[in-house]
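The structure appears below as structure tokens.
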Amino acid sequence: MAILVNPDTRVIIQGITGKQGTYHALKMLEYNVHVVGGVTPGKGGQKVHGVTVYDTVAAAKKEHQVDASMIMVPPAGVLSAAIEAIDNKIPLIVIITEFVPVHDSLVIRNMARKAGVRVIGPNTIGVISPGKGKVGIMPGYIYSEGSVGIISRSGTLTHEVSSNLTYKGIGQSTCVCIGGDPVKGTDFVDALHLFRDDDQTETVVMIGEIGGAGEELAAKYVIENGYPKKIVAFIAGQTAPAGKKMGHAGAIVSEGFGTAESKIKSLGEAGITVVRTLDELLQAVQ
Amino acid sequence: MKLYEFEGKQIFSQAGIPTPRGTAVRTAQAAIEAAREIGYSVVVKSQVLRGGRGKAGGIKFAADEQELVQAVADLQSMELSGERVEIILIEEKLDIAREFYMGITLDPRESLPLLMVSAQGGMDIEQVARDYPHQLFKMHLDPLAQPRMNQMLDLLLKTGLQGKQLVQAAKILHNLVRSYFAYNAITAEINPLVIDASGNVLAADSKVEIDDSALFRIKAVQGFERKTEISDPLEAEAKSLGISYVGMGKGNIGLIAGGAGLGMASMDMISAHGGVPANFLDLGGDATMEKTADALRVVLKTPGVEGVFINLFGGINNCEQMAKGIAQVIDELQPTQAIVVKMRGHSQDEGWAILESKNIPIIKFGTTEEAVILLLEQMNKKRVTDHGHFS
């Protein structure tokens, strides 16, 4: 049945009137997603590709059932947009925006946990359940329906691995890009937990990278709770130099912490199949 | 953005944290004037952004003007971890009775700010954690709540602080926590926090790093001057173009990747096949034709590059625009290096057509590994051809 996004998911886009918001509203409509509204304060009543724009999330919620919001506003506006979505108890909030201040992410993450809603991101391409729907900006046609669940910190590696799998005839249940920032709404452990009981998902692929502790915590979760499905993991940045920020705010190795080696070792100890290259990943999943 | 010690102390001082009297200077003359005002003896502290300054001899003392001039000259001729000393902080010399540690950093395990205090001040916090783990007292901070004075007092009580000093230190800690949030810091540290012979408590050092993504709204640090901290001129050029480029200082394969994860994985794949990545480059989420062209120009300028691997996705970006940028540089520079492009996603057919018209090998449906193997083959071919040409 896939996780997070299904054919009935009703989505609003906060920031729909921006260039990116408008473009991806169309891409989501083309993917048969129920985009029931957009939100841009001051632009209520306008239409974007036939979708009604509301001034606030509450106004959109008055007219529609809203299961998810995709936030595509500039970094300085993300905090208030996310708080608005949380206040309105939108169950799934996907923050696409990159360069959100870490202190804002800290507030968003903790508010969402208190309110019992799920935030994915920031700095993510979103979530796709191929063939069913997406709340994200990925090109739908490089994904295909199947039984591999993907959890990734990197957007382009989500595309890369999914398209490689697609071209080999292996489909995906849901691909969750948790985002490249150090503080995010959903971590590896949360996503592993969601895939755990999903009947469509037979294998889970974890795409990690250097920096942070998410992969180590995932290993700990698997050791403590066991896991009923095969997990295959890949860590990007094995050859990255220490002390340099590799594009993602979260991808920096400092004082030996968050190295590829420590992650590979932890995951291996948890019985997770750790592959060294993207092509080995394909073989391990097949 | 990392702050110099004197900048961090300015922020502390504005937040009500007592700091030693001092002035940041750039010349010996200015140092002499500053020391006269403060009164000898003074501490002469090199202002650098990297750690390990004390051990490297970057802090000196001067009891009179002659010693001061010598200390300034010594520091100015110094390079600390590759960083030239340009700014020197002249400060009153404290009569130190005790040293403590207090600092806040992000705990990646809990995704929460972690407040730490210790009576073992003056050494690296990593060393305290290793050698005196039972003397390091920690508390997570709630990003949704104001820090409370009683929490500060309770934490500091564990360090053995008492009486007037306990209260003074708690006020400082409270202000440090408030500054950490107000200035959107990644790290805010006072090490050491000094109790002087008269019983005053003050911040003898500062270590503050502000979140780069928050700089737009932190007015207090916008006036802080920064010469580019980047020693690699190509890194500096790329940064001015808004491109995330890291030079490796060696290597024969240049890289342009559409995304950080894909970039790192591409480097790993190049290494796995015996190539040496010359750079990391993440084109980011706003890859226009111009930005793609700029990126390719920077990579082609990277010394030692014999081949370029361009590994892109049209997710938030558009393949046609990126292909136009590549084609533009091919026309303009007619590079001799081998170039292989792997690209798919939004507008891929249009993008592929543009690249095909320039005879650039494209991996359409294959993997990153197939693309790297193709690039290495092309580089070998070129080597053979060039060799033949020259002999």
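The values are calculated or read from the model by the stated rules, or taken from the named source; none is laboratory data. Quantities reported herein were computed from a predicted structural model and do not represent experimental measurements. Don't worry about glycine lacking a Cβ; one is built from the backbone with ideal geometry, like all the others, and counts go over all protein chains shown. Accessible surface is based on the protein model in full, side chains and every heavy atom, while ligands, DNA and RNA are left aside. Shrake-Rupley method; radii C 1.70, N 1.55, O 1.52, S 1.80 Å.
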Kindly indicate which of A:105, A:129 is closer than 18 Å to residue A:8 by Cα, of a type in the set (S, T, N, Q) and either open to solvent by 30 Å² or more (accessible area, probe 1.4 Å) or in contact with a strand residue (DSSP E or B) (Cβ under 9 Å, 6 or more places away or on another chain) (or both). A:129
Members of the stretch B:134-172 found to be open to solvent by 50 Å² or more (accessible area, probe 1.4 Å), more than 14 Å from chain A (Cβ to nearest Cβ) and among the hydrophobic types (A, V, I, L, M, F, W, C), listed by number: B:149, B:153, B:157, B:167
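For the stretch A:133-148, what are the residues that are small (Gly, Ala, Ser) and in contact with a Lys or Arg (Cβ under 8 Å, 6 or more places away or on another chain)?
A:140
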Working only within the stretch B:250-276, note down all residues that are open to solvent by less than 10 Å² (accessible area, probe 1.4 Å) and closer than 9 Å to residue B:305 by Cα. B:253, B:254
Count, please, the residues in the stretch B:329-351 that happen to be part of a helix (DSSP H, G or I) and more than 14 Å from chain A (Cβ to nearest Cβ). 5
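Could you tell me whether any residue of the stretch A:165-177 is under 22 Å from residue A:15 (Cα atoms), crowded, with 22+ Cβ neighbours inside 10 Å and at pLDDT 95 or above?
Filtering the stretch A:165-177 down to residues under 22 Å from residue A:15 (Cα atoms) leaves A:176-177.
Imposing the further condition that a residue be crowded, with 22+ Cβ neighbours inside 10 Å reduces the set to A:176-177.
Then keep just the ones that are at pLDDT 95 or above; that gives A:176-177.
Scanning the stretch A:165-177, I find at least one residue that is under 22 Å from residue A:15 (Cα atoms), crowded, with 22+ Cβ neighbours inside 10 Å and at pLDDT 95 or above, so the answer is yes.
Given the criteria in a loop (DSSP other than H, G, I, E, B) and either more than 22 Å from residue A:282 (Cα to Cα) or out of contact with any His (no Cβ under 7 Å at 6 or more places or on another chain) (or both), does residue B:366 qualify?
Details: in a loop (DSSP other than H, G, I, E, B): yes; either more than 22 Å from residue A:282 (Cα to Cα) or out of contact with any His (no Cβ under 7 Å at 6 or more places or on another chain) (or both): yes.
Yes: the conditions hold for residue B:366.
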Could you run through the stretch A:210-241 and say how many residues are away from chain B (no Cβ under 12 Å) and without any contact (Cβ under 8 Å) to a residue 24 or more places away in the chain? 3
Residues that are farther than 29 Å from residue A:234 by Cα and of a type outside the set (Phe, Trp, Tyr): list the helices (runs of 4 or more DSSP H) wholly contained in the stretch B:210-307 that include at least 1 such residues. B:219-222, B:233-240, B:289-301
Report, by residue number, each residue of the stretch A:70-102 that is open to solvent by 40 Å² or more (accessible area, probe 1.4 Å) and farther than 22 Å from residue A:138 by Cα. A:76, A:79, A:80, A:83, A:84, A:87, A:89
Report whether or not residue B:289 is crowded, with 24+ Cβ neighbours inside 10 Å, in contact (Cβ under 8 Å) with a residue 24 or more places away in the chain and not small (Gly, Ala, Ser). no
Could you list, in sequence order, the residues of the stretch B:1-47 that are of a type in the set (A, V, I, L, M) and not in a helix (DSSP H, G or I)? B:1, B:3, B:15, B:17, B:24, B:25, B:42, B:43, B:44
Can you name the number of the only condition in (1) within 12 Å of chain B (Cβ to nearest Cβ); (2) of a type outside the set (A, V, I, L, M); (3) in contact with a Gly (Cβ under 8 Å, 6 or more places away or on another chain) that residue A:244 fails? (3)
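What number of residues within the stretch B:181-204 satisfy the criterion of being more than 17 Å from residue B:5 (Cβ to Cβ) and either within 14 Å of another protein chain (Cβ to nearest Cβ) or surrounded by 15 or more Cβ atoms within 10 Å (Cβ to Cβ) (or both)?
Just the residues of the stretch B:181-204 that are more than 17 Å from residue B:5 (Cβ to Cβ), to begin with: B:181-182, B:184, B:195-201.
Subsequent filtering for residues that are either within 14 Å of another protein chain (Cβ to nearest Cβ) or surrounded by 15 or more Cβ atoms within 10 Å (Cβ to Cβ) (or both) retains B:181-182, B:184, B:195-196, B:200-201.
Residues flagged as more than 17 Å from residue B:5 (Cβ to Cβ) and either within 14 Å of another protein chain (Cβ to nearest Cβ) or surrounded by 15 or more Cβ atoms within 10 Å (Cβ to Cβ) (or both) within the stretch B:181-204 amount to 7.
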I need the full set of residues from the stretch A:169-207 which are part of a loop (DSSP other than H, G, I, E, B) and closer than 13 Å to residue A:229 by Cα, in order please. A:197, A:198, A:199, A:200, A:201, A:202
So how many residues does the stretch B:328-360 have that are open to solvent by 10 Å² or more (accessible area, probe 1.4 Å), of a type in the set (Gly, Ala, Ser) and touching a helix residue (DSSP H, G or I) at 6+ places or on another chain (Cβ under 7 Å)? 1
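If you take the residues of the stretch A:76-98 that are charged (D, E, K, R) and over 16 Å from residue A:40 (Cβ atoms), which of them is modelled with the lowest pLDDT?
Within the stretch A:76-98, the subset charged (D, E, K, R) is A:84, A:87, A:89, A:98.
Applying the additional criterion that residues be over 16 Å from residue A:40 (Cβ atoms) yields A:87, A:89, A:98.
Values: A:87: 98, A:89: 98, A:98: 92.
Selected residue: A:98.
Evaluate the following for residue B:50: is it free of Cβ contacts under 8 Å to residues at least 60 places away in the same chain, at negative phi, outside the structural domain of residue B:195 (by TED's automatic domain parsing) and assigned to a loop (DSSP other than H, G, I, E, B)? Before the answer, list the steps.
Details: free of Cβ contacts under 8 Å to residues at least 60 places away in the same chain: yes; at negative phi: yes; outside the structural domain of residue B:195 (by TED's automatic domain parsing): yes; assigned to a loop (DSSP other than H, G, I, E, B): yes.
Yes.
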Of the conditions (1) crowded, with 20+ Cβ neighbours inside 10 Å; (2) within 14 Å of another protein chain (Cβ to nearest Cβ), residue B:100 clears all except one; give me its number. (2)
Residue check, residue B:106 of a type in the set (A, V, I, L, M, F, W, C) and either farther than 21 Å from residue B:224 by Cβ or touching a residue at least 60 places away in the same chain (Cβ under 8 Å) (or both): yes
Return only the number of the condition from (1) of a type outside the set (Lys, Arg); (2) crowded, with 24+ Cβ neighbours inside 10 Å; (3) touching a residue at least 60 places away in the same chain (Cβ under 8 Å) that residue A:203 does not satisfy. (2)
Per the filter on the stretch B:65-93, residues assigned to a loop (DSSP other than H, G, I, E, B), surrounded by fewer than 17 Cβ atoms within 10 Å (Cβ to Cβ) and not polar (S, T, N, Q) are B:78, B:82, B:86, B:93
Given the conditions (1) more than 12 Å from chain A (Cβ to nearest Cβ); (2) in contact with a helix residue (DSSP H, G or I) (Cβ under 7 Å, 6 or more places away or on another chain); (3) open to solvent by less than 40 Å² (accessible area, probe 1.4 Å); (4) modelled with pLDDT of 90 or more, and given that residue B:207 satisfies all but one, which numbered condition is not satisfied? (3)
Give the residues of the stretch A:265-286 that are within 12 Å of another protein chain (Cβ to nearest Cβ), buried (at least 21 other Cβ atoms within 10 Å of the Cβ) and touching a strand residue (DSSP E or B) at 6+ places or on another chain (Cβ under 6 Å), sorted by residue number. A:281
